[in-house]
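What follows is one structure encoded as structure tokens, with my remarks underneath.
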Amino acid sequence: MLLLRKYLWLNFLFFSLFTASSIVAEEFRLRAHHAFWKNQTADTEKEIDFGRGVSAKILGKYPILRDERSVNYITRIGTGISAQLGRPELRYYFGVLDTEEINAFAAPGGYIFVTRGALKLMHNEAQLAGVLAHELAHIDQKHIVRKLKLQSIDRSLTSGIAQVLGGASLSAKIALERLNDLAFKMLMEEGLSKDDEADADQKALEMLLSTGYDLQSYLDYLQSLKPFLEKGQAKVLSKTHPTIQFRYNNLRNFIIKNELENFNGKKNEKRFQQNTVQL
């Protein structure tokens, strides 16, 4: 009997300790989960603030196009792509820069710009979708954020952007302005790595495939840039991106590897021409 009581007591004690430890573990898990998402939300908010500042610098260099029909059309195409394949926590903004310079830019937080010069070289909607998808991929993969080492590189609860730019102190504002300058310089002078550009190109093809657009049209557009790069009419693009041949070869290899040579997607040439005729 004494042995049975001892056994029951030990069982009760073990159960109590196990239950208590389980409750503590669950509380810790919930707190950690809450802290993680709180940090994620803070990072997203700071990323948007960061991108807004970078966008302001882009708009300080290039005027914005005021052609309502073209801008609405491009926004509609970009929004359609981002709704399916963008980051759900972001709202994406699309603008046209009123310059003959041939380029497109993506600022962190969802800000995407394409120049009038780049649009004038396009022949169909699939090419426009490809360029917008390329820039969208830079945002989704956080290429600028990662290059500036603002994103946490491990799975700890340490916040990345929010840790650097958090608060409203003077030092935080100075840090934000400094990072805006670095990101703007990256877009205009240094560029991202070859790997990041290749990644954005591949993601663009995947997005085109998912949305039913013609893949070869994007490659044709890249090829059409070559004479303009050689003449110096796309100075920023030539400084900040790998060669067109490098990009084209990577994409052709991707198409061949995945047996997509015979994929015939939509081009929407007529709709593109109707909405960009004023350019």
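For Y218, Y92, what ranking results if the residue with the fewest other Cβ atoms within 10 Å of its Cβ goes first? Please list the in-between numbers first.
Values: Y218 25, Y92 22.
Ascending Cβ contact count within 10 Å gives the list Y92, Y218.
Computed from backbone phi with θ = phi - 60° and the Karplus coefficients 6.51, -1.76 and 1.60, the 3J(HN,Hα) list for segment 263-279 is 6, 10, x, 6, 10, 6, 4, 4, 4, 4, 4, 5, 9, 10, 4, 6, 6 Hz; x is used for glycine and proline.
Which pairs, out of K61/K149; K185/K235; K235/K257; K149/K235, put more than 21 Å between their alpha-carbon atoms?
Correct reply: K61/K149; K235/K257; K149/K235.
Sequentially through segment 70-83, phi angles give Karplus couplings (6.51, -1.76, 1.60; θ = phi - 60°) of 5, 5, 4, 5, 5, 4, 5, 5, x, 5, x, 5, 5, 5 Hz, Gly and Pro residues having no value and appearing as x. In segment 206-259 the Cα-Cα distances spread across 5 Å bins starting at 0 as 4, 18, 25, 23, 15, 11, 5, 0 percent of all pairs.
Rounded to the nearest whole Hz, the Karplus-based 3J(HN,Hα) values (6.51 cos²θ - 1.76 cosθ + 1.60, θ = phi - 60°) of segment 114-125 follow the sequence 10, 7, 4, x, 5, 5, 5, 8, 7, 10, 7, 5, with x at glycine and proline. Amide H contacts for Y111 (H built 1.01 Å from N in the peptide plane; partners 5 or more residues away or on another chain; cut-off under 5 Å): Y93.
Readers should treat all values here as calculations from the given coordinates under stated rules, not as data from a laboratory. Computed from a prediction, not measured in an experiment: that's the story for all the values here. So basically every Cβ, Gly included, is an ideal-geometry build from the backbone, and we count neighbours across all protein chains shown.
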